[in-house]
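All of the numbers you see were taken from the coordinates with simple rules; none came from a lab. Being a predicted model, the structure only gives us computed values, none of them experimental. Cβ sites come from the backbone with ideal geometry, for glycine too, and all protein chains shown count toward neighbours.
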Amino acid sequence: MKAQKWIGLTLVMVVLVSVVTACGAKESPITVPEGAQAGYLIMEPYIYKIKTGMFSSVEYEAERGTLVVPENRSDPKSRLIALPVMRISATGDNPTEPIFWLAGGPGSSNMKFSRLKGLLDNHDIVMVGYRGVDGSSVLDSPEMKKAITGVGGDLLSDQSIIKLGDAMTRTAVRLEDEGVDLDGYTIPETINDMEAARIGLGYEHINLLSASYGTRVAIIYAWMHPDSLHRSAMISVNPPGHMVWEPEVVDEQIEYYADLGRQDPKLSARTSDLAETVRSVTHNMPRRWLFLPIDPGKVKFMTHFMLFQRGTAASVFDVLIAAEGGDPSGLALMTLAYDFMIPSSLTWGLWTAIGATDYPKERDYITEMDPPGSILGAPTSLLVGGMLQRSAWPEPPFPSEFRQVQNSEVETLLVSGSIDFSTPAQFATEELLPYLANGKQVILSEFGHTGDVWELQPEATVLLLTSFYDTGVADDSLYTYQPMDFDVGLGFPEMAKIALAIVVLVIAGLGVLVWFIVRRVRRRRARQAA
């Protein structure tokens, strides 16, 4: 095995240890039951398990089942598809409106939720699989999984983006040849799946709990079916149009971090200007560390991706500061991290079908997303917009009225982090909140994207959500100011060197073993000859 594979596997082990609290193993694919009609829903008893450690878990009484819906409700001849449904039973004696979970993505499963503490006391928790990801029709794309690794040593090169656009086109052609109606994979169709589950489960009104991309689903849900909703809580809010990241906003957020860095004595001793460090390294990257390649496009993508949450943001700043000081080992490990994590992270066909809504092809993403003088640009938007622009993926049939914010009277709570690079708080404040007649926003200082909201002060988040669902008043009194911590402990540069040392020791050990075996064989032959 090549040395870079060993280093990558070392990183993967670190990642796997960090996600041991994820829900159980993936269920077997579901199918449409013979003779089933649209609206069919059958549930059966189930035990829902959440891992709490490597060898421990908590069990909850639940039901799981299958929901049958049309693939494209606008086509009377549409085929049927099946979606999984999970209902975890409330533990209290008098539960009120259930909570329907809407996960982030797009392209991620909606069948995993482990944040049950407090919420389950008075509410059933319901998960309905996202069409195109969780059900009988999965818009997988081996073409894009392969192309997303890039070519020519630079993920953001013209050659790489052209290849990705071609992979998108081939994915669309193949899926349509297989009988998939791509027009059916939209947010409104997803919302109508939730409505079918609500009706089938017998609920008059429901609450929504959404995160990241899921908040876009929740926003449009409130416009389409306001009478079905009781209350809606959104974490890391994504208003219409903001699956596109803009360079000037990314730069502003990096400057925000730079200001925080000036207040940190240890970080200030390593760099006088964090923003300039980011600019200098990302614009002048070496192409390898020892024998390991460094892909500048992958490093820029991972930099933006890791800035979403404050823990990984601290790690990427540590890498860039080390590189500025002459140690690019962390850049090589970031390149490997991309290769091991990103290609298999999403169901790419569904991601494309939904994401294309925010990326009009008339924009010049290659130029606009990497303007001269920008600190980092918007590498994720450059990659996504560039490949969509160069593909023949069909235009999604998305109603024009859902591209603009509408008025809503649904009781809504917006929860945002002040340093969220994925869904910046100001967009929820300026573009969505004014249209919410019964809306409130809580901005958490120095919190990043969704994971920070759940993990940094979990008791405070539980109180915020449960008080909102149970009383309509969002109690944020348990939150306390938590300054940004730039200390990463064991960072990527150290991990790269440790992994390399392991590779060297393994190779050396194999060499010694081979030498020992050869020596014994020779001695045995010598004795036999004598």
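Annotations
- Other residues whose C-beta falls under 14 angstrom from the C-beta of residue 485 contribute a net charge of -4, scoring Lys and Arg +1 and Asp and Glu -1.
- Think of the chain as a dipole: +1 on every Lys or Arg Cβ, -1 on every Asp or Glu Cβ, centred on the Cα centre; then among 397, 518, 203, 518 lies furthest on the positive end.
- Given +1 at the Cβ of Lys and Arg, -1 at the Cβ of Asp and Glu and no other charges, the dipole of the chain around its Cα centre is 3800 debye to the nearest 20.
- In terms of surrounding Cβ atoms within a 10 Å radius of their Cβ, 96, 412 rank from fewest to most as 96, 412.
- Across the chain, the mean sequence separation of Cα contacts (distance under 8 Å, 6 or more residues apart), normalised by length, yields a relative contact order of 17 percent.
- A DSSP coil position with no more than 14 other Cβ atoms inside 10 Å describes the following trypsin sites (Lys or Arg not before Pro) in the stretch 335-392: 361.
- Put the Cα centre of the stretch 247-286 next to the Cα centre of the stretch 34-111 and the gap is 43 Å.
- Folded to 0 to 90 degrees: helix 458-471 orientation relative to the chain principal axis, Cα: 10
- When only the Cβ of Lys, Arg, Asp and Glu is charged (+1, +1, -1, -1), the dipole of the stretch 215-328 relative to its Cα centre reaches about 400 debye.
- Residue 487-residue 431 pseudo-label distance in nm [points 7 Å out on the Cα-to-Cβ vector]: 3.8
- If you wrap the tightest convex hull around every Cα atom of the stretch 253-309 and split its volume per residue, you get 101 Å³.
- Relative contact order %, the stretch 388-530, counting alpha carbon pairs below 8 Å whose residues are six or more apart: 17
- Segment residue 263-residue 502, length gained on full extension (0.36 nm per residue, minus Cα span): 82.3 nm
- Whole-angstrom gap from the stretch 292-320 to the stretch 188-213, using each part's C-alpha centre: 36
- Here the dipole of the stretch 101-162 is about 180 debye; that uses its Cα centre as origin and unit charges on the Cβ of Lys and Arg (positive) and Asp and Glu (negative).
- Projecting the Cα atoms of 353, 94, 429 onto the charge dipole of the chain (Cβ charges, centred on the Cα centre) puts 353 farthest toward the positive pole.
- The modelled label-to-label distance for the pair residue 58/residue 480, using points 7 Å beyond Cα in the direction of Cβ, is 2.3 nm.
- Once the Cα-Cα distance is subtracted from the 0.36 nm per residue extended length, the residue 146 to residue 514 segment shows a gain of 128.9 nm.
- A Förster radius of 30 Å, combined with the Cβ-Cβ distance separating residue 94 from residue 440, puts the computed FRET efficiency at roughly 0.70.
- Residue (of 380, 333, 263) at the positive-pole extreme of the chain, dipole from beta-carbon charges: 333
- Spin-label pair residue 471-residue 159: with each label point 7 Å from Cα along the Cα-Cβ axis, the two points sit 6.3 nm from one another.
- Paramagnetic label reach from residue 283 (point 7 Å along Cα→Cβ; backbone nitrogen cut-off under 15 Å): within the stretch 236-270, residues 248, 251-252, 255.
- This ranking places 225, 242 by how few other beta-carbon atoms lie within 10 Å of each, fewest first, which gives 225, 242.
- Over the chain: helical MRE at 222 nm, DSSP H runs n ≥ 4 each giving -39500 (n - 2.57), nearest 500: -13500 deg cm²/dmol
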